[in-house]
1. Based on what the data block shows, is Tyr273 within 18 Å of Phe105 (Cβ to Cβ), surrounded by 15 or more Cβ atoms within 10 Å (Cβ to Cβ) and over 22 Å from the mean Cα position of the chain (by Cα)?
2. Please enumerate the residues belonging to the range 41-67 that are assigned to a loop (DSSP other than H, G, I, E, B) and open to solvent by 10 Å² or more (accessible area, probe 1.4 Å).
3. Among the residues of the range 163-178 satisfying the criterion of being in contact with a Ser or Thr (Cβ under 8 Å, 6 or more places away or on another chain) and β-branched (Val, Ile, Thr), which is farthest from Leu191 (Cα to Cα)?
4. If I filter the range 175-186 for residues that are surrounded by 20 or more Cβ atoms within 10 Å (Cβ to Cβ), of a type in the set (A, V, I, L, M), under 20 Å from the mean Cα position of the chain (by Cα) and closer than 29 Å to Pro122 by Cβ, do I get at least one hit?
5. Would you confirm whether any residue within the range 193-210 is in a helix (DSSP H, G or I), open to solvent by less than 80 Å² (accessible area, probe 1.4 Å) and touching a residue at least 12 places away in the same chain (Cβ under 8 Å)?
6. Mind listing whichever residues of the range 87-105 are of a type in the set (S, T, N, Q) and closer than 13 Å to Thr202 by Cα?
Amino acid sequence: MQYANEFKKRIEEKSGGEITVTTYEFGGLGSETDQVEQLQNGAVQLAVTSPGFIGNTVKESQIFGLHFLFPDDVAQTQQILEESEAINTDLVKQYEAIGLEPLAFWTEGGMQWTSNKPVDSPDDFENFKMRIQGTELQSESWEAYGATPQTMSWGGDLYTGLENGTVDGQDNPIFFIADASFHEVQDYMTLSNHNNYVATTTVNQEWYDGLSDQHKTWVDETVEELQDWIFEEQKRQNEEFLEVIKEEAEVVELTDEQRAEFRELAKPVRDFYRENVSTVDGAILDKLEKEIAEITGEPVE
C-alpha cells in the first residue's frame, strides 16, 4: 500500500493533477486471483503483483519462487532484478502474451517462516502443514523439505488458519508478518532468508499502449524513481518490524550449516521447474543463473 500511495503522490504532482490515481488496500478488490483477472480485463490499470498470485497465469514467473536462487545480499538481488535480460526481456514477453506489461521488478526483502515450534532442520517439517499461495512450484519446494503444503488465501483466512492450527506455518517478508500480526498467533519466526519476495509493477498492456507519449513518460519516470525509494523503504520496514516481532515471538536465525542443508534439498526443485513449470524448457532460468553468477562472482549451482 505504501508503494501505491507513493506512486499516487508522485505522479499526481508530476502531472499537475492531469493523472489521478485511486489506491486500494490489498484484498480491497477481491482475492489474489481476482486481482490478476481485473488487471487483464482492464478493470484495474496498474497493480503490484507477485509470483504467488500470478504464477498459475504466467507460469514462467514462478521462477521467483525458487528457494536459494537469488543471492543473500538484498542489494545484489535488486541489481539483478533491474539489470537481468532474462527477467526484463525474456520473462516480460510471457506477461505480454496475456496482455500485461511489467514495468519494474523489485524486492520486498528476505522471506522468513513462522511456526509454533522451533523449525531449524528439514526433520522439523515432518507432518508440518505449510501454507502456500497455490502454485505447483511452491508445493514442490516445501515437499522437498518434508512439509505438507496447503493452499490458503491471505485475506483473513491465513491469520485464522494459523490461530486454529489449520496450517502450522507460513513464509513472508518480516514487515508483512508483523503487519498481518502473524506473530500474535505464532511462537517462532525463523530467519531463514530462503528466498527474496519479488514484487512487480504491472500494467494492463492495452491501457498502457493507449496512453499519450507524455502520460506514458510520466508513468515510466515515476516507476523508475520508485525503485530506489522502495528498496530503502523495505529495508527500513523490515528492520523496524523485526524489533516489533521480537516483543511477542522468539526469533531464531539459521546457521550457515543449517541453511546449507535446506539449500541442498532445494536444488533439485530447479529441475522440476525446468521440466514441469517452464514453457521454454528452462531457458530463462538457465540465463538468469548465469547472470546471477556474473554479479555475485559465484559459480552456477
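The values are calculated or read from the model by the stated rules, or taken from the named source; none is laboratory data. What you see is a predicted model; the values in this text were computed from it and never measured. Ideal geometry is used to build each Cβ from the backbone, glycine not excepted, and the neighbour counts take in all protein chains shown. Surface accessibility is based on the protein's heavy atoms, side chains included, excluding ligands, DNA and RNA. Shrake-Rupley method; radii C 1.70, N 1.55, O 1.52, S 1.80 Å.
1. Taking the combined requirement at face value, the residue does not satisfy it.
2. Of everything in the range 41-67, those that are assigned to a loop (DSSP other than H, G, I, E, B) and open to solvent by 10 Å² or more (accessible area, probe 1.4 Å) turn out to be Gly42, Ala43, Val44, Gln45, Asn56, Thr57, His67.
3. Thr166
4. Yes; the residues of the range 175-186 include at least one that is surrounded by 20 or more Cβ atoms within 10 Å (Cβ to Cβ), of a type in the set (A, V, I, L, M), under 20 Å from the mean Cα position of the chain (by Cα) and closer than 29 Å to Pro122 by Cβ.
5. Scanning the range 193-210 turns up at least one residue that is in a helix (DSSP H, G or I), open to solvent by less than 80 Å² (accessible area, probe 1.4 Å) and touching a residue at least 12 places away in the same chain (Cβ under 8 Å).
6. Scanning the range 87-105 gives Asn88, Gln94.
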